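Structure record follows, encoded as structure tokens.
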Amino acid sequence: SLTINKGAVEFKNVSFHYPESDVPVLRNLSFSVKPGETLAILGSTGSGKTSLFQLVPRLYDVTEGEVLVDGKNVMNYPIEKLRKGIGVVPQEAVLFTGSITENIGWGKEDATSDEIISAAVDAQIHETVEKLPNQYDTRVGQRGVNLSGGQKQRLSIARALVRKPKILMLDDSTSALDLKTEGKLLKALRTYSCTTFIITQKISTAMEADHILLLDDGAVEAWGTHEELLNTSPLYVKIVQS
Ligand code: DUT
Ligand code: MG
């Protein structure tokens, strides 16, 4: 049966509204991303960035149009095969009650200790873990050690990386990281050669991407590289200057 091989993603005339409402949240989106490319998604709060993300691993289904992965409609994949190939790092990092190892390996119970550490190194959280009272055995979550927002984000990124996803989706997951740490993280991500969707508020992050998608009220306001958007999108220029 179908599995994700390359990680190409295409949106074809995609519109979406949540089941409980008729208000369109995404309106006629069309774009495509080749395997291994990075797409940065920008847009003001409520513009539909998280909603767009959810359509790829089918946390919600489109109401119109198609989402294709490797040229095939996501509706045709067995859902567990689809989700196995996609690493989603949610906007609010979720920690489970358990050890650091269990938190990184969650959903991939066969991960070896080396794989866990290597994911943590790439997610730029290894050094922090080493300083905890019981390193990778340290308990987090309920009655566990407290981690900062940025540390939780990086654990959550490590959890996605350990699965070696073909498609990695980061929902504002680097918002609490300083520029230097974020730079190291983005560099490490390149070694995974996965297709990467990265929702961000930072122009510095967007500039590094192969494509930028600027969403405005659920529609594509602009698509292109940083240079292209500077020339074509007054809204992008406004964001850059703000
Ligand atoms: N919305 C719902 N139901 C939900 C989630 C969101 O109706 O379960 C609405 C709120 C908003 C629109 O969908 O009007 C888009 O929300 P989304 O969360 O996709 O926006 P965002 O771009 O991710 O905003 P933020 O930057 O605040 O995360
Ligand atoms: Mg969001």
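Looking across segment 15-61, the residues that are among the hydrophobic types (A, V, I, L, M, F, W, C), more than 19 Å from Asp216 (Cβ to Cβ) and open to solvent by less than 40 Å² (accessible area, probe 1.4 Å) come down to Val33, Val56. In segment 168-242, counting only strands (runs of 3 or more DSSP E) that sit wholly within it, none holds 2 or more residues that are touching a Ser or Thr at 6+ places or on another chain (Cβ under 8 Å) and farther than 18 Å from Leu52 by Cβ. In segment 215-234, the qualifying residues are those that are open to solvent by less than 20 Å² (accessible area, probe 1.4 Å) and within 16 Å of ligand 1 (Cβ to nearest atom), and the one that is nearest to Phe197 (Cα to Cα) is Leu215. Among the residues of segment 70-121, those identified as of a type in the set (Val, Ile, Thr) and surrounded by fewer than 19 Cβ atoms within 10 Å (Cβ to Cβ) are Ile79, Val94, Thr97, Thr101, Thr112, Val121.
When segment 1-60 is filtered for residues that are of a type in the set (A, V, I, L, M), within 24 Å of His226 (Cβ to Cβ) and away from ligand 1 (no atom under 16 Å from the Cβ), the ones remaining, listed by number, are Ala8, Val9, Val33. Flag: Ala8 does not match the condition of being modelled with pLDDT under 95, open to solvent by less than 40 Å² (accessible area, probe 1.4 Å) and of a type in the set (A, V, I, L, M). Which one is surrounded by the fewest Cβ atoms within 10 Å (Cβ to Cβ), of the residues in segment 173-200 that are within 14 Å of ligand 1 (Cβ to nearest atom) and within 13 Å of Leu39 (Cα to Cα)? Restricting to residues being within 14 Å of ligand 1 (Cβ to nearest atom) and within 13 Å of Leu39 (Cα to Cα), the top hit is Thr200. Pairing residues of segment 161-184 that are of a type in the set (S, T, N, Q) with residues that are in a loop (DSSP other than H, G, I, E, B) and open to solvent by 10 Å² or more (accessible area, probe 1.4 Å), at Cβ distances under 6 Å and at least 6 apart in sequence or on separate chains, gives Thr181/Gln124.
The values are calculated or read from the model by the stated rules, or taken from the named source; none is laboratory data. The model shown is predicted, which means the values in this text are computed figures rather than measured ones. Neighbour counts run over all protein chains shown; Cβ positions are idealised from the backbone, glycine included. The area values use the complete protein model at the heavy-atom level, side chains included, leaving out ligands, DNA and RNA. Shrake-Rupley method; radii C 1.70, N 1.55, O 1.52, S 1.80 Å.
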